[in-house]
Amino acid sequence: MMAPKRIGFFGFDNFTALHFAGLSEVFAAAALDDGFGGQIPCYEVYLIGSTSAPFGSESGMAFTPAWTTNSAPQLDTLIIPGGSGLLKGNVAVAISEWALTRVNQTRRFASIGSGIYALALTGLLDGKEVTTHWQIARDIALKFPKLKVVNARPLVKEG
């Protein structure tokens with residue numbers, strides 16, 4: 001039997017809830033027919049926080065992570081959502097530092113919108129094509145000159 005791929009989202013205060021909630025629903029709905037009238041889930045979704053304390057989205061919704069940076073399982077994919085919280089204090093730095101501890105055991109890293117601030121800090125995107133929201137594309141290009149920012153496409157898959 002196929003084991004579901006583990007998809008982790010890193011949550012933080014003032015993140016964009018849609019980046020987590022919308023994609024979580026899509027991943028949770030993906031399933032294969034088992035041939036006997038049942039379904040085999042393709043993905044398991046994990047919400048990870050730096051601690052187990054609840055955090056709020058930009059719209060005020062509260063989320064409580066079931067996993068922390070100390071307890072998160074091995075992941076297939078780590079997704080960093082966007083949100084204004086990334087630009088406060090050391091949030092982006094802390095996320096990027098933790099992501100780097102998972103490099104050898106995580107197949108894929110992704111970000112949504114301003115989540116690229118944390119992912120770019122890892123250095124994993126250096127020399128690669130990236131895209132992000134048009135409102136921050138110029139800022140990303142200036143702050144991270146080793147990235148090839150192409151914001152004319154909604155998705156870039158490289159490597």
ALA17 fails exactly one of the following numbered conditions: (1) in contact with a helix residue (DSSP H, G or I) (Cβ under 8 Å, 6 or more places away or on another chain); (2) open to solvent by less than 40 Å² (accessible area, probe 1.4 Å); (3) hydrophobic (A, V, I, L, M, F, W, C). What is the number of that condition? (1)
What are the residues in region 142-157 that are modelled with pLDDT of 90 or more and either in contact with a helix residue (DSSP H, G or I) (Cβ under 8 Å, 6 or more places away or on another chain) or under 11 Å from LEU125 (Cα atoms) (or both), if any? LYS143, PHE144, PRO145, LYS146, LEU147, LYS148, VAL149
Pairs only if they're at least six apart or on different chains, beta carbon under 6 angstrom, first in region 130-143 and farther than 20 Å from PHE109 by Cα, second open to solvent by 30 Å² or more (accessible area, probe 1.4 Å) and part of a helix (DSSP H, G or I); list them, first residue then second. none
Of all residues in region 111-133, how many are under 14 Å from SER96 (Cα atoms) and charged (D, E, K, R)? 1
Failed criterion for LYS146 (all others in (1) under 30 Å from ALA3 (Cβ atoms); (2) loosely packed, with under 14 Cβ neighbours inside 10 Å; (3) among the basic types (Lys, Arg) hold): (1)
Can you list residue pairs whose Cβ atoms sit under 6 Å apart, with the first residue in region 30-49 being acidic (Asp, Glu) and the second being outside any strand (DSSP E or B)? Count only pairs 6 or more apart in sequence or on different chains. GLU44/PRO4
Taking region 1-29 and keeping residues touching a residue at least 40 places away in the same chain (Cβ under 8 Å) and of a type in the set (Phe, Trp, Tyr) leaves PHE9, PHE10, PHE12, PHE15, PHE20
Starting from residues that are under 16 Å from the mean Cα position of the chain (by Cα), part of a strand (DSSP E or B) and touching a residue at least 40 places away in the same chain (Cβ under 8 Å), keep the ones in region 56-84 and report whichever is surrounded by the most Cβ atoms within 10 Å (Cβ to Cβ). ILE80
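The values are calculated or read from the model by the stated rules, or taken from the named source; none is laboratory data. Everything quoted here is computed from the prediction, not taken from an experiment. Here the Cβ is made from the backbone with ideal geometry for all residues, glycine too, and neighbour counts use every protein chain on show. For accessibility, only protein heavy atoms count, side chains too; no ligands or nucleic acids. Shrake-Rupley method; radii C 1.70, N 1.55, O 1.52, S 1.80 Å.
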